[in-house]
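We did not get these values from a lab; they are worked out from the coordinates using the rules stated. Given the structure is predicted, the values throughout are model-derived calculations rather than measurements. Cβ coordinates were reconstructed from backbone atoms using ideal geometry, including for glycine residues, and neighbour counts include every protein chain displayed.
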There are 2 protein chains.
Amino acid sequence: MTVRPHLLLTPGPTPLHPAAREALGGESLGHMDPEVFALNGEIQADLRTLYGAPDGTFTALLAGTGSLGMEAGFANLAEPGDEVLIGVNGSFGARMAEMAARHGAHVRTVTAAPGEPLSPAAFADALAGGDVRLVAVVHGETSTGVLNPLPEIAEAVRGSGALLSVDAVTTAGMQPFDMAGLGADYVYTGSQKCLSAPPGVAPIAVSGRALARHAARRTPTALWYADFAGLRDYWEGHSYHHTVPVGLHFALHAALRAALDEGLPQRQVRAAEVGRGVLAALEPLGFSPFVPDPAQRLPTVLALRLPPGLDDAATRAALRARSVSVAGGMGPTAGQIWRLGLMGEGARPALYHRFLTELEAVLGVRGAASRFEQVLGTHA
Amino acid sequence: MTVRPHLLLTPGPTPLHPAAREALGGESLGHMDPEVFALNGEIQADLRTLYGAPDGTFTALLAGTGSLGMEAGFANLAEPGDEVLIGVNGSFGARMAEMAARHGAHVRTVTAAPGEPLSPAAFADALAGGDVRLVAVVHGETSTGVLNPLPEIAEAVRGSGALLSVDAVTTAGMQPFDMAGLGADYVYTGSQKCLSAPPGVAPIAVSGRALARHAARRTPTALWYADFAGLRDYWEGHSYHHTVPVGLHFALHAALRAALDEGLPQRQVRAAEVGRGVLAALEPLGFSPFVPDPAQRLPTVLALRLPPGLDDAATRAALRARSVSVAGGMGPTAGQIWRLGLMGEGARPALYHRFLTELEAVLGVRGAASRFEQVLGTHA
């Protein structure tokens, strides 16, 4: 089966970083080899930088994708019967609520409509009325392109006694993340999002406070595979827990180092510039932001309402026939929006220029690519 | 970080198959792309062949390593309070017992000493005295090199009403596996063992009977990430569950196809021949099989007692300095045995010839490599 070069402009996986692709070749070491422990140590240090983690934070890769990162938080940091408060304003918030309930938590939710951000005041209200042990929130809701007001939510949580778990799947790696300042206790992402490494590992960070909570559990973590204690045996104690995907560690290491070398603020600017150009290119065609307020808009996943009359499935299929993939809506927004990934190697002017050129051909219109060039200037 | 070419003769990961290495390059598709669903369909069909699965069996890759395969069985097929009977004669049997208990099962065990196989009669006795819902057994106990008598254990389980879960991590792919004939309900392995694909995915097979048991659960599977229902949504219904590691799917597909093209009986012969040669080479140096009875010996992991006076750590370190890795014992056998992997691309005469040559240099002896050549004939 041969694979035609394909332009992935979905909200992940993003196009592989060249350094990650090259590093995949180095796969002739085992999970217990000293070179791998040295590599892991570098990954752990770089993850502390990625997340802005305070001293005492444990960082590691889970041997699974971002959803395992999500699940590991509930499995390790909530015990059966614990009250867990979850923000739900899209598919991934809803997924968190389902996972927490499966792990036996007593789940309460703070909700907002698709396309709207969660309200920090609603978290404060909910926290006042109970004995919440863990609060979980999605920083960027991939399904709708909403950026939740994480600093304000974190402020509402601080001092409540609850731990704070943050899904940083579409944000960490494409902007500075301040785990220390937020007082976040658990943060995770997926390798294939803002870092443009291959999918299959989930970078996590666990605060010292969360490690203490885990150590004081009354019952063992049901999820042996991602038990924080077992992970620390391997990542800190260098003793066997389970086999890790060494090739993916090498690739993630290379991609993460490239991201930090470029600089997280610079990457944030890059995503914002490309996003601004795409919006300027597409608004005259009748596309409009699904999230009206720019301050509530996720800079890394641009969700656009389709122009009246545009056939979602047929247009995306025509683009796909030209080897360009963009994503549609999920759940209630299916058929109504497109979601364009502006993460990692996806947030490159040349790639979006190509997308716009192909879209012009598919729709039989002109001008989109040149409007993009005007905004991006010499970058495009 | 540059990686020196390294010879992995441990019980996994095994040296990467060249076709798997090449396939890793094809990583520019997403988990929802039609080419990936087509690839997945071919993987599913080849897994049915690999496991000798009857009609109605669901096959898939878990997005994790073999331990996640192990855990998924208990998470999906046992409910809290269910009686689960587990064979324990080494580290991986013990791991199963721990996982099952964490998922709330009432665990009973059938045990044997390290280096000895489990007794089918003991399973029959244990099944007679209770209401066992699930029996779990390791086919080849990697930690000691014991081949458990799976056909006889399966016979003891058949008709009891219990499901049978088989850990085929060190066997499937290096010998024909007869899931249909055994009446096994859940089988799993790791990609990096007998198939010599990169670590990070776990090929599983779930019988129709096990799927029915899962569908009739009173409580949802705690482990959302590997819930059989969610996996079927993706693998059969082509709807989103979680991101899968597409690059590893391509690599596993290539390695699995290569294994089936070579032929499972032929691979069994290859492993046996190399193992016979290694034993003939090393016995005159004072190494002896940890499992005395050849019928109880795992053909894919040769466990050898060290000669009196041989320094385990120093000798393996000296080999490692020459870029050759073999594994020591685990738990009670640490320092007493070596474990040599004879799986997939590890079971190649040229590689073991090199190991023996390096070992001669390290120990200051001669003759091992030539004895190996004599047994292997033109193969070495």
What are the distances, in nm and sorted shortest first, from the label point of A:Thr219 to the label points of the same position in each other copy, with each label point placed 7 Å from Cα along the Cα-to-Cβ direction? 0.6
Using alpha-carbon positions, what is the distance between the centroids of segment A:161-180 and segment B:203-251, in Å? 29
Exposure-ranked with fewest Cβ neighbours within 10 Å first, B:Met343, B:Met96 stand as B:Met96, B:Met343
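With Cβ to Cβ distances under 12 Å as the rule, what net charge do the other residues near B:Thr171 carry (K, R +1; D, E -1)? Before the final figure, lay out each step's value.
Working: positive: B:Lys193, B:Arg267; negative: B:Glu141, B:Asp167, B:Asp178.
Here the count lands on -1.
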Binned at 5 Å starting from 0, the alpha-carbon pair-distance distribution of segment A:100-206 in whole percents comes out as 2, 12, 22, 23, 21, 14, 5, 1, 0
Using only DSSP helix segments of four residues or longer, with each worth -39500 (n - 2.57), what per-residue ellipticity at 222 nm results for chain A after dividing by its residue count and rounding to 500? -12500 deg cm²/dmol
Tell me the distances, shortest first, between A:Asp233 and the same position across the other copies, using label points 7 Å along Cα→Cβ, in nm to one decimal. 3.2
Along the charge dipole of segment B:19-261, Cβ charges K/R +1 and D/E -1, which of B:Gly181, B:Ala78, B:Leu62 sits furthest on the positive end? B:Ala78
Modelling each spin label as a point 7 Å along the Cα-to-Cβ direction, I'd like the A:Arg276/A:Ala212 distance in nm, to one decimal. 4.4
Tilt, helix B:91-102 to longest principal axis of chain B (alpha-carbon atoms), in degrees rounded to tens, equals 20
If one builds a Gaussian network model of chain A from Cα atoms under 10 Å apart, the most fluctuating residue listed among A:Gly81, A:Gly12, A:Gly104 is A:Gly81
Mean-square fluctuation check for chain A, GNM, Cα pairs under 10 Å: which of A:Tyr51, A:Tyr188, A:Tyr234 is largest? A:Tyr234
Computed about the Cα centre, the charge dipole of the protein assembly as shown from +1 Lys/Arg and -1 Asp/Glu charges at the Cβ has a magnitude in debye, to the nearest 20, of 660
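Using the number of other C-beta atoms within 10 angstrom as an exposure proxy, rank A:Asp167, A:Asp125 with the fewest first. Mind showing how you got there, number by number?
On the way: A:Asp167 30, A:Asp125 12.
Fewest-to-most ranking of A:Asp167, A:Asp125: A:Asp125, A:Asp167.
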Distance from segment B:123-142 to segment A:351-369 (C-alpha centre basis), Å: 62
Everything considered on the Cα gyration tensor (a ≥ b ≥ c; rounded for a/c under 1.5, else prolate if a/b is larger than b/c, else oblate), chain A must be described as oblate
Which value, in debye to the nearest 20, describes the size of the charge dipole of chain B about its Cα centre when Lys and Arg Cβ atoms bear +1, Asp and Glu Cβ atoms bear -1, and nothing else is charged? 760
Report the one residue of B:Val166, B:Ser207, B:Thr10 whose Cα lies farthest in the direction of the positive end of the charge dipole of chain B (charges on C-beta: Lys and Arg +1, Asp and Glu -1; origin at the Cα centre). B:Thr10
List, in order, the whole-Hz ³J(HN,Hα) value for each residue of segment B:332-341 obtained from phi through the Karplus relation with A = 6.51, B = -1.76, C = 1.60 and θ = phi - 60°; use x for Gly and Pro. x, 9, 4, x, 9, 10, 10, 10, 10, x
Residues in segment B:150-189, backbone N under 16 Å from the label point at B:Gln266 (7 Å along the Cα-to-beta-carbon vector): list them, ranges by number please. B:173-176
Just how large is the dipole of segment A:150-218 about the Cα centre, in debye to the nearest 20, putting +1 at every Lys and Arg Cβ and -1 at every Asp and Glu Cβ? 360
When B:Leu118, B:Leu39 are arranged by how many other beta-carbons sit within 10 Å of their Cβ, fewest first, they go B:Leu39, B:Leu118
Highest GNM mean-square fluctuation among B:Gly309, B:Gly183, B:Gly275, for chain B with Cα springs under 10 Å, belongs to B:Gly309
Taking each label point as 7 Å beyond Cα in the direction of the beta carbon, state the distances from A:Pro284 to the same residue in the other copies, shortest first, in nm. 8.5
Between B:Asp178 and B:Glu42, what length in nm is gained on full extension when 0.36 nm per residue of separation is reduced by their alpha carbon distance? 47.0 nm
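Assuming a ≥ b ≥ c are the square roots of the Cα gyration tensor eigenvalues, decide whether the protein assembly as shown counts as rounded (a/c under 1.5), prolate (otherwise, with a/b larger than b/c) or oblate. Mind dumping the intermediate values first?
Numbers: a/c = 1.83, a/b = 1.55, b/c = 1.18.
Taking the square roots of the gyration eigenvalues as a ≥ b ≥ c, the protein assembly as shown is prolate.
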If you line up the long axis of helix B:34-51 against the longest principal axis of chain B, both from Cα atoms, how many degrees apart are they, to the nearest 10? 70
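As an exercise, use a Förster radius of 60 Å and the Cβ-Cβ distance of B:His238 and B:Arg366 to find the FRET efficiency, rounded to the nearest 0.05. Provide the component values of the computation, followed by the final result.
Numbers: r = 60 Å, r/R0 = 1.00.
Working from the Cβ atoms, E equals 0.50.
Please give the length that would be gained between B:Ala113 and B:Leu310 if that part of the chain were fully extended, namely 0.36 nm times their separation in residues minus their C-alpha to C-alpha distance (nm, one decimal).
On the way: separation 197, 0.36 × 197 = 70.92 nm, distance 2.43 nm.
Roughly 68.5 nm would be gained on extension.
Please compute the net charge surrounding B:Pro117, taking Lys and Arg as +1 and Asp and Glu as -1 over other residues with Cβ under 11 Å from its Cβ.
Numbers: positive: B:Arg297; negative: B:Glu116, B:Glu141, B:Glu152, B:Asp293.
Local charge sum for B:Pro117: -3.
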